[in-house]
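The values are calculated or read from the model by the stated rules, or taken from the named source; none is laboratory data. Worth saying up front: this structure is predicted, and the values here are computed from it rather than measured. A quick note on method: Cβ atoms are made from the backbone with ideal geometry, for glycine too, and the neighbour counts reach across all protein chains shown.
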Amino acid sequence: MNSILYTGQSGLNALQKRIETISGNIANMNTAGYKRVDQSFQELMRNEIGELGTPLTEALEAKNPTIGSGAKVSDPYRIFDQGTLSPSSNPLELAINGNGFFGYENGNTMLFSRAANLSVNEEGELVDSNGKTILVDKGKDLTKYDGESISINTEGTIFAADEEGELEDVGRIILYDVDNKGALTDAGGGYYRASDGVEVLESDDRNGSEYFGIIKQGHSEMSNVDIGMEMIDLMILERAYQLNAKSLEAADKMWQMANNLKR
């Protein structure tokens with residue numbers, strides 16, 4: 001009966017964590033650039049029934065039967081599949097159609113994100129809605145140009161009109177990527193940080209059209225959360241939670257019956 005209690009408890013804990021993960025996905029289904037989180041269930045170590053003091057026939061003992069001791073969920077991990085690209089009301093909002101991330105200054109480190117809702121700050125830099133500066137190669141002071149004329153092509157080259165109305169090349173947005181996206185850790189707010197020792201690839205070092213996606217100005221990438229699948233998973237988990245709770249209820253009744261037999 002102890003094993004029933006431990007197994008049921010581990011199942012409830014695992015299911016609760018998975019439900020919380022799905023709830024987080026649903027809450028962020030309308031967050032631009034959000035990547036859904038997933039987990040997998042894993043079985044805990046199995047125990048040999050004979051070692052638990054359970055009587056066995058000779059035939060069963062020869063098969064060395066085992067029983068599970070519960071379940072757990074893996075650590076959460078991101079699914080970086082691309083979301084749908086949608087037109088934006090901000091002409092300086094950018095999306096990536098394909099692989100890669102935008103890079104942002106963060107002190108001595110760099111953050112990565114799939115979102116780029118940009119504007120020009122007082123220093124003439126392109127910053128996102130959180131005030132973080134997007135990394136630009138050979139970027140010029142954009143306060144010297146007509147802000148409404150700023151355009152960004154698919155390769156990230158930025159053009160702006162000078163005082164005479166002539167378009168000038170004023171910098172280039174670089175895309176970044178890593179070989180193993182599992183090495184990216186959450187930095188909050190839709191940003192990611194590469195683990196130490198991970199090689200960061202730059203679109204300047206490789207052919208952008210072959211290794212990286214293209215930039216689409218005036219678009220945002222929606223989250224890759226499939227609300228239908230998340231709701232189906234949630235209903236299945238809630239049913240499994242109810243069944244695990246019943247196993248604890250059954251074990252409790254068995255304990256009550258055993259205690260009454262002693263009286």
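Check off (1) modelled with pLDDT of 70 or more; (2) in a strand (DSSP E or B) for residue 11 and give me the number that stays unchecked.
Here residue 11 meets the rest and fails (2).
Please note which strands (runs of 3 or more DSSP E) are completely contained in the range 22-88 and include at least 2 residues that are in contact with a strand residue (DSSP E or B) (Cβ under 7 Å, 6 or more places away or on another chain) and at pLDDT 70 or above.
Qualifying strands (runs of 3 or more DSSP E): 71-73, 85-87.
Do you know which of the residues in the range 69-90 that are surrounded by 14 or more Cβ atoms within 10 Å (Cβ to Cβ) and more than 21 Å from the chain's Cα centre (by Cα) is farthest from residue 154 (Cα to Cα)?
Filtering the range 69-90 for residues that are surrounded by 14 or more Cβ atoms within 10 Å (Cβ to Cβ) and more than 21 Å from the chain's Cα centre (by Cα), the one farthest from residue 154 (Cα to Cα) comes out as 69.
Against the condition at negative phi and surrounded by 15 or more Cβ atoms within 10 Å (Cβ to Cβ), how does residue 103 come out, does it pass?
yes
Could you run through the range 147-178 and say how many residues are under 20 Å from residue 93 (Cβ atoms) and loosely packed, with under 13 Cβ neighbours inside 10 Å?
Selection size over the range 147-178: 1.
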